[in-house]
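Visitor: Below is the structure I would like to discuss, written out as structure tokens.
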Amino acid sequence: MLEQLMHQLKTPCCARPDRLIPKKVKGKILVCLRGINARVDKGQQAALAGAVGWSFANNKDSGNEIIADPHVLPASHINYTSGVAIFKYINSTEYPVAYITLPVTKIGTQPAPVVAAFSSKGPNTIAPDILKPDITAPGVSVIAAFTEAQGPTNQDFDRRRVLFNSISGTSMSCPHVSGVAGLLKHPASYLEPCVD
């Protein structure tokens with residue numbers, strides 16, 4: 001559905017620089033569909049064409065997954081349902097309007113917690129009675145120390161250098177699990193892992 005709504009627009013996608021017309025993009029906030037190229041690359045293409053901000057909507061496969069990326073423009077990552085609503089709005093008016101506002105921290109948002117879309121989720125494909133994962137920990141959009149040898153997007157165009165970055169993956173959840181294991185195995189720990 002979202003792909004069909006996007007196709008109805010007269011606006012090109014953010015996947016290729018030759019598809020964005022600077023005269024139409026300059027000073028605007030773009031809305032793009034996730035996929036084809038890297039999320040941060042889409043923002044770079046929008047910036048090169050003169051956009052002042054952008055939002056990208058998950059496709060159906062990405063669903064509710066939201067990841068914080070170090071974009072080069074003010075950006076908003078929205079889930080599939082919100083993307084459908086935004087594209088419907090854009091298609092409903094000749095002059096759609098968008099605003100960039102200051103971010104606000106939200107506590108107790110739902111759905112949370114959610115296993116990341118890139119994680120191995122159960123049940124086991126060979127033996128469905130075996131649930132997976134065996135253990136999980138926070139690993140999406142974790143603020144962590146970062147090398148100054150490359151930019152926060154890991155893209156060649158990114159000349160910025162930062163001490164910390166928002167990173168996702170097993171490398172982010174592993175320290176959480178390792179820390180818990182260390183606490184459980186510490187001689188002074190009163191906790192014991194349950195083994196059947």
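The values are calculated or read from the model by the stated rules, or taken from the named source; none is laboratory data. Just so we're clear, the structure is a prediction, and the values are computed from it rather than from any experiment. Methodologically, a virtual Cβ is constructed for each residue, glycine included, from the backbone with ideal geometry; neighbour enumeration extends over all protein chains shown. When the accessible area is computed, the model is the full protein with side chains, heavy atoms only, and any ligands, DNA or RNA have been set aside. Shrake-Rupley method; radii C 1.70, N 1.55, O 1.52, S 1.80 Å.
Visitor: Given the Cα-Cα distance of Lys106 and Ile21 and 0.36 nm per residue of separation, how much length would full extension add, in nm?
Guide: Between Lys106 and Ile21, full extension yields an extra 27.0 nm.
Visitor: Using a 1.4 Å probe on the protein heavy atoms, what percent of the accessible area of the chain belongs to carbon and sulfur?
Guide: 59 percent
Visitor: Now, a different point. Amide H of Val31 versus every other amide H placed in the peptide plane: which residues, excluding those fewer than 5 positions away on the same chain, fall under 5 Å?
Guide: Those qualifying (amide H under 5 Å, at least 5 residues apart or on another chain) are Ser55.
Visitor: While we're on this one: Can you give the longest run of the chain that contains no chymotrypsin sites (Phe, Trp or Tyr not before Pro) sitting in a DSSP loop with at most 11 other Cβ atoms inside 10 Å?
Guide: So the longest stretch without any such site is 1-98.
Visitor: List, in the order given, every pair from Lys28/Lys121; Lys24/Lys106; Lys42/Lys88; Lys24/Lys88; Lys88/Lys132 whose Cα-Cα distance in the structure shown is over 31 Å.
Guide: Lys28/Lys121; Lys24/Lys106; Lys88/Lys132
Visitor: Going by amide H atoms built from the backbone, whose H comes under 5 Å of the H on Gly122, apart from near neighbours?
Guide: Lys132
Visitor: Restricted to Cα positions, what overall size does segment 41-196 have along the principal axes? Three whole-Å values, descending.
Guide: The Cα atoms of segment 41-196 stretch 64, 40, 32 Å along the principal axes, largest first.
Visitor: Mind checking the alpha-carbon convex hull of segment 22-112 and giving the volume per residue in Å³?
Guide: Value for segment 22-112: 113 Å³ per residue.
Visitor: Averaged per residue, what accessible surface does the chain expose to a 1.4 Å probe, in Å²?
Guide: Ligands and nucleic acids excluded, the result is 69 Å² per residue.
Visitor: Something else now. Cα axis of helix 39-48 to longest principal axis of the chain: angle in degrees, 0 to 90, nearest 10?
Guide: Taking the Cα atoms of the chain, the angle to 39-48 is about 30 degrees.
Visitor: Oh, and also: Rounded to the nearest 10 degrees, what's the angle between the helix 80-92 long axis and the longest principal axis of the chain, both from Cα atoms, 0 to 90?
Guide: Approximately 10 degrees, to the nearest ten.
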